[in-house]
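What follows is a short report on a single structure.
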Amino acid sequence: MKYMPLPAGMREPCAAPGRLVEMTYPTQTYDDAHTPLTKRALVYLPHGYDATPGRRYPVLYLMHGGGGDENEVFGGLEGKTALKNVLDNAIACGHAAPFIVVAPTYTVKGMEAARQSIEVAVKLTHRFPTELVNDVIPAVDAAFRTVPDRRARAFSGFSMGAETTWSVASDALTHVWCVAPLSGDYWAVALKGGADFPEETVDALLNRIARQPVNPVDCRILAFTGDKDIACSAMQTMVQSLTRRNVFPLNDAPADGCLTWCLKPDGWHTYDDCWEYLWLAIPHLWG
Ligand code: FER
């Protein structure tokens, strides 16, 4: 897909704002100890959610990057990052129909090392699809007026959140129809595995997808980054290898079963670039 810049004004406050709320849900550590946990997520409810009680909305799950937590992408309940304005404006100008966004975290109390250590973080990102399917999705569908269907669920994330997104593709495509990794490759076989072991990484991805009762044609992958991004070469190498397998053919126009690649000229490894990728992805997230 050709990169297009975010239209002017989209990061500014919108006259028809949605609102941010928090939710908590019961889960567990999904390690050998299975320690029960209560975790928190931030939830964006679009403008009109309260005034239209009969309406149900598709859901985008959006994972933060390394070192972050559930507050990171929105900048807390105050919405200090540009993301909330970008979503408000996308919906207000008709770029996309209203949808809910859930910002969870792969981090876990007691494993604060994940904030500093990428090795620990990867353990948690690889456990997250189980938490998503068992705990997060059921809690979100119970608490909010969602469309409780896989075609109305997308999962995206930036950097380590993109790593989480590839992991969700591996293990949870039966629950999520579209995955949109933004500026990150898949570390299934090694850190930076997309760069150093692209064939083994793609084998791991496709073998895990094949274990799920889902047809690759009935899902969508949107992989976006920038040409100056530290994740670019790893992601590009991995996506090229994935394309050669012909399971998800590369297609510039997002279509069922297809992999769409978008590269921003002069795009760096920042959330500001990430919001632009999200903007481009938003009209294609649901089936
Ligand atoms: C990548 C390059 C960098 C990537 C992640 C990072 C998952 C950054 C990680 C961090 O330091 O938080 O390809 O893919």
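Some values worked out for this structure:
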{"item": "Criterion (aliphatic (A, V, I, L, M) and either more than 16 Å from the ligand (Cβ to nearest atom) or surrounded by fewer than 17 Cβ atoms within 10 Å (Cβ to Cβ) (or both)) met by exactly one of Ala96, Ala114", "result": "Ala96"}
{"item": "Subset of the stretch 184-229 [within 12 Å of the ligand (Cβ to nearest atom), modelled with pLDDT of 95 or more and among the charged types (D, E, K, R)]", "result": "Asp185, Asp196, Asp229"}
{"item": "Restricting the stretch 165-178 to residues that are within 14 Å of the ligand (Cβ to nearest atom) and within 15 Å of Val136 (Cβ to Cβ), the residue that is surrounded by the most Cβ atoms within 10 Å (Cβ to Cβ)", "result": "Thr165"}
{"item": "Test result for Ala114, in a helix (DSSP H, G or I) and within 15 Å of Glu72 (Cβ to Cβ)", "result": "yes"}
{"item": "Condition broken by Asp273, with the remaining ones in (1) within 16 Å of the ligand (Cβ to nearest atom); (2) closer than 24 Å to Leu124 by Cα; (3) out of contact with any helix residue (DSSP H, G or I) (no Cβ under 6 Å at 6 or more places or on another chain); (4) of a type outside the set (S, T, N, Q) satisfied", "result": "(2)"}
{"item": "Matching option when the condition is of a type in the set (D, E, K, R) and closer than 22 Å to Gly65 by Cα, among Asp196, Asp149, Asp141, Asp203", "result": "Asp196"}
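The values are calculated or read from the model by the stated rules, or taken from the named source; none is laboratory data. Quick caveat: nothing in here was measured; it's all calculated off a predicted structure. All Cβ positions, even for glycine, are placed from backbone atoms using ideal geometry, and neighbour counts span all protein chains on display.
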